[in-house]
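Okay, so here's the structure we're looking at.
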Amino acid sequence: MLLILKDEILKAAGWGGSEAVFLARTRHLHALGIAAAHVATAGERIAQLELCAEELRLAQSALGSITGAVTADDLLGKIFSQFCIGK
């Protein structure tokens with residue numbers, strides 16, 4: 001199951017597997033390591049769906065730090081900083 005997930009993530013990222021080297025920043029490598037650890041832990045906790053889902057959420061968060069994903073907190077902060085609500 002974990003191997004299938006890994007293959008799907010690589011395919012979605014456009015990884016053909018033919019390239020032997022890729023460039024990344026140190027912080028990207030750190031985030032990838034964190035994401036990989038969370039995915040591995042999720043695989044170990046597959047019988048406990050809530051814990052598995054939380055590990056996958058944490059992995060997504062680590063990957064989001066690379067891609068610049070916007071979180072719900074970021075969005076709410078932006079909304080409340082620019083709009084006057086309830087006045």
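Starting from the stretch 40-55, keep only residues that are closer than 16 Å to ILE9 by Cβ, then list their pairs with residues that are surrounded by 14 or more Cβ atoms within 10 Å (Cβ to Cβ) and β-branched (Val, Ile, Thr) whose Cβ atoms are within a distance under 8 Å, requiring at least 6 positions of separation or different chains.
GLU55/VAL39; GLU55/THR41
If a residue must be at pLDDT below 90 and in a helix (DSSP H, G or I), how many such residues does the stretch 22-56 contain?
4
Test of understanding: among ILE4, ILE85, ILE9, which residue is surrounded by fewer than 12 Cβ atoms within 10 Å (Cβ to Cβ), modelled with pLDDT of 75 or more and β-branched (Val, Ile, Thr)?
Matching residue, one of ILE4, ILE85, ILE9: ILE4.
The values are calculated or read from the model by the stated rules, or taken from the named source; none is laboratory data. Not measured: the values here are computed from a predicted model. As a convention, Cβ positions derive from the backbone with ideal geometry for all residues, glycine included, and neighbour counts pool all protein chains shown.
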